[in-house]
Amino acid sequence: MKQAERTAGLTKIARTVASCTGCTLSNCRTSTVAGDGNPLASIMIIGEAPGRQEDESGLPFVGMAGKYLDKLLAIAGLTRADVFITNVVKCRPPDNRKPEREEMAACADFLKQQIAIIQPKLIICLGGTSANAVLGIKQLVNEHGKLIQRDGRYYFVAYHPAARFHRKMIAEDFEKLSLELAKLPELRRMDIV
């Protein structure tokens with residue numbers, strides 16, 4: 001798929017997300033946060049849900065967790081220009097609580113469509129909600145920091161950058177990701193079309 005086609009597809013999803021009333025989160029949002037980044041990226045990052053600053057700006061990972069994510073990407077030798085970033089749900093849950101099952105179900109098709117358009121070689125799941133929604137992983141304890149190959153694609157599971165108590169572990173996760181990317185350079189290559 002060419003860049004223009006990917007951009008058009010992602011724009012269409014963002015417009016649909018902006019008018020979505022599929023769950024109660026639409027009643028309390030300021031902005032929707034469909035996703036942002038390079039439409040030709042071979043790496044996709046999926047977080048949990050927008051926070052307050054993301055809700056205000058309409059962009060993913062712009063708050064404190066976003067600043068930390070930038071540092072984590074640097075550890076892995078990446079920048080935001082190398083990735084496409086989105087979340088499991090596209091609206092902020094009240095008080096930054098975890099998204100509920102029906103909220104995740106309401107956004108599931110949006111996420112599937114984004115994955116189909118981006119066609120990432122690697123999906124990085126940030127946090128338990130993302131790992132559960134994408135891979136069915138119930139707990140991160142034994143799965144974080146590992147490269148998983150499934151259905152012709154690679155997945156990497158890490159703690160969420162907002163998880164203050166896991167800062168050391170998430171930095172170690174991204175150091176492991178750096179090693180994996182060095183072994184598999186094709187995961188970094190973008191589809192230049």
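The values are calculated or read from the model by the stated rules, or taken from the named source; none is laboratory data. Keep in mind the model is a prediction, meaning the values are calculated, not measured. So basically every Cβ, Gly included, is an ideal-geometry build from the backbone, and we count neighbours across all protein chains shown.
Here is the figure for the range 137-189: residues that are in contact with a strand residue (DSSP E or B) (Cβ under 9 Å, 6 or more places away or on another chain) and closer than 16 Å to Thr79 by Cα total 6. Condition check for Lys90 on (1) modelled with pLDDT of 95 or more; (2) more than 26 Å from Leu40 (Cα to Cα); (3) buried (at least 21 other Cβ atoms within 10 Å of the Cβ): one failure, at (2).
Within the range 28-51, being surrounded by fewer than 16 Cβ atoms within 10 Å (Cβ to Cβ) and either modelled with pLDDT of 95 or more or touching a Leu at 6+ places or on another chain (Cβ under 6 Å) (or both) holds for one residue alone: Thr30. In the range 115-168, counting only strands (runs of 3 or more DSSP E) that sit wholly within it, the ones holding 1 or more residues that are without any contact (Cβ under 8 Å) to a residue 40 or more places away in the chain span 147-150, 153-158. Annotation: of all residues in the range 1-35 being over 19 Å from the mean Cα position of the chain (by Cα), outside any helix (DSSP H, G or I) and among the small types (Gly, Ala, Ser), the one that is farthest from Ala108 (Cα to Cα) is Ser19. Quick check, is Leu122 within 18 Å of Lys71 (Cα to Cα), crowded, with 19+ Cβ neighbours inside 10 Å, among the aliphatic types (A, V, I, L, M) and at pLDDT 95 or above? Judged against the criteria, Leu122 is not a match.
Restricting the range 78-104 to residues that are in a helix (DSSP H, G or I) and touching a residue at least 60 places away in the same chain (Cβ under 8 Å) leaves a set whose member that is farthest from Tyr68 (Cα to Cα) is Glu102.
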